[in-house]
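Below is one structure, written out as structure tokens; comments come after it.
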Amino acid sequence: MSPLRPPSPPHPSGRRIKNPHQLIAESGADLEGHGLKRTMGLFQLVCFGVGAVVGTGIFVGLSDSVAEAGPAVVLSFVLAAITCIFTAFSFAELGSAIPVSGSSYSFAYATLGERVAFLVGWCLLLEYGVSVSAVAVGWSQYVNELLDSLFGAQLPAALSAGPGDGGVINLPAVLVVMMAATLLARGVRESAGATAAMAVLKITILVLFCVIAFTAFEHGNLTPFFAQGAGGVTAGASLAFFSYIGFDAITTAGEEVRNPRRNIPIAIMVCIGLVTLLYCAVALAAIGALGPKAVADRPAALSIVVDQVTDSTVGGGIIAFGAVVAIASVVLAVMYGQTRILMSMSRDGLIPRIFERVSPRTSTPVANTWIVAVVFAVPAAFSSLDVVVNLTTIGALATMVAVNLAVIVLRRRNPEVKGSFRVPLYPLSPLLGVAFCLYLMYGTGWATWVQFAVFLGVGSAVYAFYGRSRSRLAGAGAAR
């Protein structure tokens, strides 16, 4: 356990940087943090990570990646995984050394300074917040597919789609957000248990899909393998990366995990490895059974593959059920991560204090949870959100660049802060993590870069006119 230190003195460069020892002490990370209870074990933490990752990206986004890369989409998933692995090493070291709930935001605050930390937290609104709305809309679509498979009927368009999709209000999308909020507000034990059950179920269904699809596998469907060339593999990897977004949510549970210094690194590595194997197997099975063109043209390709192979609609119904479960678990896990990020920012005074309040009855940030639910249920209810996949991806990659740099800075500035995991091949590994992230950011296209620049500009203005003057770190410096 690291010794407690006084508040960080001003950094020679003038940047506001919070001492890692102070960060740990304020969160109570080695004990019980701000009323949060340590109820999650390693298995639940792995399931939480899988729950945050496996969802819309593989059930819906596979067709987009195949359209870019063809059969070589398998390499796109591997390239995206390599990017994740290098960054996962950095997350694992930082998560075990600084086991607090703020994840990338807190790591940046302890190394790169308050302004960068605020912008990292701002980017996490894309990775966690905006994606909740988009994923909820996807959940609504799969609910209708499941109802059609089971009963031959669907919900009225007016009540299951936003105005942009010919409806009035998307009630199922609102429902899944509110169900997730209810579970999260009741307690971490309940939400972690639900996430674990859903993670096991959706992995089982995807494995079942692979077993069925490989019975119709034809090698000819994989040729030509590099149908779109190396550029297609890169573009496919930028899209495939969306399928991995969420694994870093594991580090947001730093204050609610038993033995976080050991369990967080293990959970991150197991999650990345398991998801990569699953994605590559699903992609090979789907393309081998139908061919790349058929998969690229069908957003619901997994259901169609099973229907054709089994010559029945029952299999497609099972896949639709799996998608409903998978996407619901993503909403639950991602909302959890968003509330913990906001709680950490609130503790630092950068956003209103209501986000840091923990209920003494449930040991959860109840007000924070319901604010997040309401704010992101509104766009889910009234927008089509076709979406922001590239914008969400570039935001996530930008935070990962910051995390890789944070490892290097932490080792140089605070070599005494150590966890149970150390990045291998340091400093090559984090530098490669930065390089791969920038490479995939390049693949999102110039239009996405323009949108992202505007988004960062707004975030910088919010920090300048609100967060900077209310920062508790600045207040502590003034007091001295």
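The values are calculated or read from the model by the stated rules, or taken from the named source; none is laboratory data. Please read all numbers here as calculations on a predicted model, not as lab measurements. Note: ideal-geometry Cβ built from the backbone for every residue, glycine included; neighbour counts use all protein chains shown.
Observations, loosely collected:
- Near pairs, Cβ below 7 angstrom, 6+ apart or cross-chain, from the range 300-325 (aliphatic (A, V, I, L, M)) to any residue that is outside any helix (DSSP H, G or I): Ile304/Arg298; Val309/Thr215; Val309/Ala216
- Across the range 419-438, a minimum of one residue is classified as assigned to a helix (DSSP H, G or I), touching a Phe, Trp or Tyr at 6+ places or on another chain (Cβ under 7 Å), of a type in the set (A, V, I, L, M, F, W, C) and more than 27 Å from Asn19 (Cβ to Cβ).
- Neighbours by Cβ (under 6 Å, 6+ apart or cross-chain): first from the range 442-460, within 13 Å of Val120 (Cα to Cα); second crowded, with 19+ Cβ neighbours inside 10 Å and β-branched (Val, Ile, Thr): Phe452/Ile394
- When Val168, Val143 are checked against the criterion of being of a type outside the set (S, T, N, Q) and surrounded by fewer than 22 Cβ atoms within 10 Å (Cβ to Cβ), a single residue qualifies: Val168.
- Some residue of the range 101-109 being over 21 Å from Phe436 (Cβ atoms) and surrounded by fewer than 24 Cβ atoms within 10 Å (Cβ to Cβ): no
- Among the conditions (1) surrounded by fewer than 24 Cβ atoms within 10 Å (Cβ to Cβ); (2) in contact with a helix residue (DSSP H, G or I) (Cβ under 9 Å, 6 or more places away or on another chain); (3) touching a residue at least 40 places away in the same chain (Cβ under 8 Å), Leu155 misses just one, which is (3).
- Residue check for Thr369: surrounded by 23 or more Cβ atoms within 10 Å (Cβ to Cβ), within 26 Å of Gln44 (Cα to Cα) and in contact with a Leu (Cβ under 6 Å, 6 or more places away or on another chain): yes
- Residue check, Gln338 within 30 Å of Ser420 (Cα to Cα) and not small (Gly, Ala, Ser): yes
- Test set (1) modelled with pLDDT under 80; (2) surrounded by fewer than 24 Cβ atoms within 10 Å (Cβ to Cβ); (3) in contact with a helix residue (DSSP H, G or I) (Cβ under 9 Å, 6 or more places away or on another chain) - Ile354 fails condition number: (1)
- Being surrounded by 19 or more Cβ atoms within 10 Å (Cβ to Cβ), closer than 23 Å to Ala153 by Cβ and either among the hydroxyl-bearing types (Ser, Thr, Tyr) or modelled with pLDDT of 85 or more (or both) is a property that Ser344 lacks.
- Ser96 being in contact with a Lys or Arg (Cβ under 6 Å, 6 or more places away or on another chain) and assigned to a helix (DSSP H, G or I): yes
- Among residues of the range 140-192, those that are under 30 Å from Asp307 (Cα atoms) and in contact with a strand residue (DSSP E or B) (Cβ under 9 Å, 6 or more places away or on another chain), counted: 5
- Residue match in the range 235-252 (condition: surrounded by 24 or more Cβ atoms within 10 Å (Cβ to Cβ) and either in contact with a Lys or Arg (Cβ under 7 Å, 6 or more places away or on another chain) or without any contact (Cβ under 8 Å) to a residue 60 or more places away in the chain (or both)): yes
- Hits in the range 436-448 (condition: modelled with pLDDT of 90 or more and over 18 Å from Ile245 (Cα atoms)): none
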